[in-house]
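The values are calculated or read from the model by the stated rules, or taken from the named source; none is laboratory data. This one's a predicted model, so the numbers in the text were calculated from it and none came from an experiment. So basically every Cβ, Gly included, is an ideal-geometry build from the backbone, and we count neighbours across all protein chains shown.
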Amino acid sequence: MSAAASSLLTEDQFLCSICLDVFADPVTIPCGHNFCKTCITEHWDKNVQCQCPNCKKDFSIRPELQVNTFISEMAAHFRQSVQQEASNCSSEQQVSKPEKVPPDVSSRNKLKALMILLVCLMWVFTVWMVLNQKKYVVVVVKEDYEEKKAELWKTEAEIQQMIQKRRLKTEEIKHSVELSKENADRETADGVQVFAALKEFAERSQAELIYTIKEKQRKTEKEAEGFIKELEEEISELKKRSTEVEQLLQSEDHLHFLQSFTSLNATPPTKDWVEVNIHPPLYVGTVRRAVNQLEEILNEETTNLLLAERQRVQQYAVDLRLDPDTAHWCLILSDDGKQIYCDTERRYVPDIPNRFQRHPSILAKQSFSSGRFYYEVQVKGKTNWILGVARESIDRKGDPLMMIPQNGYWAILLRNINEYKALASPPVSLYLKSQPKNVGVFVDYEEGLVSFYDVDAAALIYSFTGCAFTEKLYPYFSPWFDFDGGNSAPLIISAVRDTN
């Protein structure tokens, strides 16, 4: 072993007092003592109080560790010397056993000797492998380093790309939240404004109703007061006459009696009160008329809200095309894939799994598994049709009468010219003020909402709510059969007209 190595093995200042080994990443604490960074860190982690293991100096807070550059360089030099000693030892001993370490060597020298011994043993094992396998193993450290470094740079680039993607997604989510808040604020403001207007109108209508009722009562009371006044005047006059008659009856003056008899014998002129009556005013229709006025205002506001709602859903308009591979054999498609009608003449089409077999139905080519979408269909001139959405796994060969949400359909229908139904379970009859010529369909996948609109009347036809969508959804169309020629008009996927 070289003098430098021997000198290092005997110098306490280059050995960690915790692990008794050459410093690894040596650091200095405020009291000036040095330790391996890992040793002092683990020592303080295990003890509540931060204290120097050598001088026992206490620190109120854990000191910041300072790298000891000098000792670090010296420790590196020591390791290099040990490796050189190990190399020399291996050259001298070849495959023979290494010499035993004298038993009286210090504990520190024992550790260093053990290190040398391990290096020697590793070298002897390498020689054995080479001699027995009869081949040379050349480890090109630099080349391996460059290769691994290139791989690590690639990994670093991938990590940075992943970070960037997640940052972009974070910004996208934040932007969505901001849009959601803006929409919520706008919707709240619109709602407050509408309900404030309705409240004002309702209060005004209530005030007018109360005024009308009170005015009728006032007129009745005034008329009654006039009658009462007349009656009281007549009563007073009659009482006066009654007094005069009583006085005359008590008179013993025959001449005066006869003279007064003529004037007092007749009753005073009075009004015939038999036909006079006070009729309480009738309020029939007063409240109803007020409610009708309120209903008119509500209908007007509802129409305005629906117009605004339709304008909002228009932004989710999609350009649909019908899928011929799903069309029932009786259906005829236009070249642009936008129109569909039923032909009673049977045509041969291959019976593929996607095709409807028992009822005249067809799906769009496009499917949706998230987000929102909206489209419009012209139904003008038809006496029967079905519109809506269907999940991908619906039974396309089965019974057409079981088109309900439990079986994967969310749809409405027209039957026999003017019988509208929502195909819920059980079906819901729909009473519409007018027959729609164009039907709008809006779907919010995450919200579980499917709504149908009368486009021209700006009226909501029906909404399925609380739907649990777990599969792809396809727009669904059925122009139905044309048995007598009265249902020959096509269903047409219309371009959504901008009503903004």
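A few comments on the model shown:
- Within region 293-310, residues that are without any contact (Cβ under 8 Å) to a residue 24 or more places away in the chain and more than 13 Å from D190 (Cβ to Cβ) have Cβ atoms under 8 Å from residues that are assigned to a helix (DSSP H, G or I) and of a type in the set (S, T, N, Q) in no pair, counting only partners at least 6 apart in sequence or on another chain.
- Test for S429: is it of a type in the set (G, A, S) and either within 24 Å of Q339 (Cα to Cα) or free of Cβ contacts under 8 Å to residues at least 12 places away in the same chain (or both): yes
- Close pairs from region 319-331: first among the aliphatic types (A, V, I, L, M), partner part of a loop (DSSP other than H, G, I, E, B), Cβ under 6 Å, at least 6 apart: L320/Q366; L322/G337; L331/P360
- Residues that are in a strand (DSSP E or B), over 28 Å from the mean Cα position of the chain (by Cα) and over 10 Å from T383 (Cα atoms), drawn from region 414-427: Y420, K421
- Restricting attention to region 477-500, the residues that are closer than 17 Å to D336 by Cα and not in a loop (DSSP other than H, G, I, E, B) total 5.
- For region 414-428, filtering for residues that are farther than 14 Å from I386 by Cα and hydroxyl-bearing (S, T, Y) leaves 1.
- Residue match in region 33-40 (condition: assigned by TED's automatic domain parsing to the domain that holds C19, among the hydroxyl-bearing types (S, T, Y), under 15 Å from I18 (Cα atoms) and without any contact (Cβ under 8 Å) to a residue 40 or more places away in the chain): yes
- Pairs linking a residue in region 67-85 that is in the same structural domain as F23 (by TED's automatic domain parsing) to a residue that is among the hydroxyl-bearing types (S, T, Y) and at pLDDT below 75, with Cβ atoms under 7 Å and 6 or more positions apart or on different chains, are S81/S2; Q84/S2; E85/S2.
- Every condition in (1) of a type outside the set (G, A, S); (2) at pLDDT below 80; (3) outside any loop (DSSP other than H, G, I, E, B) is met by E42 except one, and the failing one is (2).
- Region 436-477 - residue that is farther than 28 Å from A327 by Cβ, among the hydrophobic types (A, V, I, L, M, F, W, C) and in contact (Cβ under 8 Å) with a residue 40 or more places away in the chain and, of those, surrounded by the fewest Cβ atoms within 10 Å (Cβ to Cβ): L460
- Residues satisfying the stated conditions in region 336-354, i.e. more than 13 Å from P475 (Cα to Cα) and modelled with pLDDT of 95 or more: D336, G337, Q339, I340
- Sole residue being in a helix (DSSP H, G or I), surrounded by 11 or more Cβ atoms within 10 Å (Cβ to Cβ), hydroxyl-bearing (S, T, Y) and without any contact (Cβ under 8 Å) to a residue 24 or more places away in the chain, chosen from S260, S236, S251: S260
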